[in-house]
Amino acid sequence: MERGKGEEKEPCLEDGVAAMARCYRGFNPTAYLQYNYTPPRADFTRPDSIVPWKLACLHRAFTEGDVGGEMLVDVGSGPTLYQVLSGCEKFGRVVLTDFLDVNRTELKRWLGEEEGSFDWTPYLQHVCQLEGRGASAWQEKAARLRSVVTEILPIDVHKPSPLPAGSLPSSGADCLVSSFCLESVSPDLASFTRALGHVSSLLRPGGHLLLIGALGESYYMGGPGVRIPVVPLDEAQVCDSLRASGYTLLHLSIYTLPPDMRVGVDDVTGIFFAKARKA
Ligand SMILES: C[S@@+](CC[C@H](N)C(=O)[O-])C[C@H]1O[C@@H](n2cnc3c(N)ncnc32)[C@H](O)[C@@H]1O
């Protein structure tokens, strides 16, 4: 049978996704944490630092009263936990996921209280303060997080079913959170939107998606000499992709990087935080 033009496109899509996967071979969790999750990007004395801004957005989204249920899934967790520090109080089960074994191992090290794992203490303290609990409650929050994370699963957002079969109840999770994953693993905007569609299959109808991501970014460093290409998104493209994937946008916040947050590990210009509900 003769091939139509549309059919010839598939190998190219595969190439782009396969090329992205190759870029991730050198990803270094320790370096990535150092680049993005220490001062100045994580300076808790400054409300205009990136991490306090993200934590405030997450705190607000999880405490507005409309987000809750049994299961929260974090898509593309990487080696980080900040994105579930508010949500872990609202859900009985939190599932972490990442494409790379090195990142899943890093998360397991913190959960297992292994020496030398990343110190999330200032993050825990900051979120406790946002919750009005006082910084000294951070150990309770750490214990809560360790008790509700039930799995750390492999994921590939480029697959129509991104998680291993049977990982979630057939109805789907009650809430998804995903930060800096889709745009930094997709070769282009079409692939980003397709990946968003795949991820949405993990969420029950009426469930919430909290999506955080980079604006105007063309690359970031995943370790020394590991330059990872990123789809440079603008605000309108994020909104269009959410709409095309069947979401109602409830809230969108934009953060513009102050000059001293541009520390040479990427070319990001802004960050978006979207709260959306699946139809
Ligand atoms: C920029 S990091 C984001 C990590 C973390 N969520 C954060 O907020 O810093 C992107 C993550 O996507 C993961 N990733 C790479 N390819 C992926 C894929 N095909 N599906 C899902 N995640 C992938 C990487 O391993 C990495 O942890």
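Quick notes
- Length gained on full extension, LEU250 to VAL226: 5.1 nm, using 0.36 nm per residue less the C-alpha separation.
- Computed over the chain: relative contact order in percent, which uses C-alpha pairs under 8 Å that are six or more apart: 19
- Put simply, the amide H of GLY223, placed in the peptide plane, has neighbours under 5 Å in ASN28, leaving out anything fewer than 5 places away on its chain.
- Counting only heavy atoms of the protein chains and using a 1.4 Å probe, SER186 has close to 0 Å² of accessible surface.
- For the range 26-278, the calculated P(r), taken from all Cα-Cα distances in 5 Å bins from zero up to the bin holding the longest distance, is 1, 6, 14, 19, 22, 19, 13, 5, 1, 0 percent.
- Accessible surface of the chain, 1.4 Å probe, proportion on carbon and sulfur as whole %: 52
- Residue-wise HN-Hα coupling along the range 182-191, computed from phi with Karplus coefficients 6.51, -1.76, 1.60 (Hz; x: Gly, Pro): 4, 6, 9, 10, 10, x, 7, 4, 4, 5
- Beta bridge orientation in the range 26-278: antiparallel %, DSSP, nearest 5: 55
- Sites matching GluC sites (Glu not before Pro) across the range 69-106 that sit in DSSP coil, with at most 14 neighbouring C-beta atoms within 10 Å: GLU70
- Principal semi-axes in Å for the range 2-146 [√(5λ), Cα gyration tensor, largest first]: 33, 19, 16
- The phi-based Karplus calculation (6.51 cos²θ - 1.76 cosθ + 1.60; θ = phi - 60°) puts the 3J(HN,Hα) values of the range 70-84 at 9, 10, 10, 10, 9, 9, x, 4, x, x, 10, 10, 4, 6, 10 Hz, whole numbers, x for Gly and Pro.
- Whether the range 234-279 is rounded, prolate or oblate, judged on the alpha carbon gyration tensor where a/c under 1.5 counts as rounded: prolate
- The residues of the range 163-206 have, on average, 33 Å² of accessible surface per residue, using a 1.4 Å probe with all protein chains present.
- Residues with amide H under 5 Å from that of LEU215, placed H, sequence gap 5 or more: THR269, GLY270, ILE271, PHE272
- Rounded, prolate or oblate (a/c below 1.5 giving rounded, otherwise prolate when a/b exceeds b/c) for the range 166-268 by Cα gyration tensor: prolate
- Accessible area (Å², 1.4 Å probe, nearest 10) - TRP53: 40
- Number of Lys-Lys pairs in the chain with C-alpha atoms under 20 Å apart and a separation of 8 or more places or on different chains: 9.
- The share of Cα pairs per 5 Å bin across the range 88-201, counted from zero up to the longest distance, runs 2, 10, 17, 20, 18, 15, 11, 5, 1, 0 percent.
- A probe of 1.4 angstrom, applied to the heavy atoms of all protein chains, finds GLU131 with accessible area near 50 square angstrom.
- Shown are VAL263, VAL95, VAL185, whose ranking by accessible area with a 1.4 Å probe and every protein chain present, most to least, is VAL263, VAL185, VAL95.
- Per-residue ellipticity at 222 nm, computed for the chain from helices alone with -39500 (n - 2.57) per DSSP H run of at least four residues, works out to -10000 deg cm²/dmol.
- Rounded tilt (10° steps) of 235-244 against the dominant C-alpha axis of the chain: 70
- Annotation: amide H of LEU250 within the under-5 Å range of LYS275, ALA276, ARG277, sequence separation 5 or more or interchain, hydrogens built in the peptide plane.
The values are calculated or read from the model by the stated rules, or taken from the named source; none is laboratory data. In this text the structure is predicted, and so the values were computed from the model without any measurement. Here Cβ is always computed from backbone atoms with ideal geometry, including for glycine, and neighbour counts include all displayed protein chains. Calculation scope for accessible area: heavy atoms of the full protein, side chains included, ligands and nucleic acids excluded. Shrake-Rupley method; radii C 1.70, N 1.55, O 1.52, S 1.80 Å.
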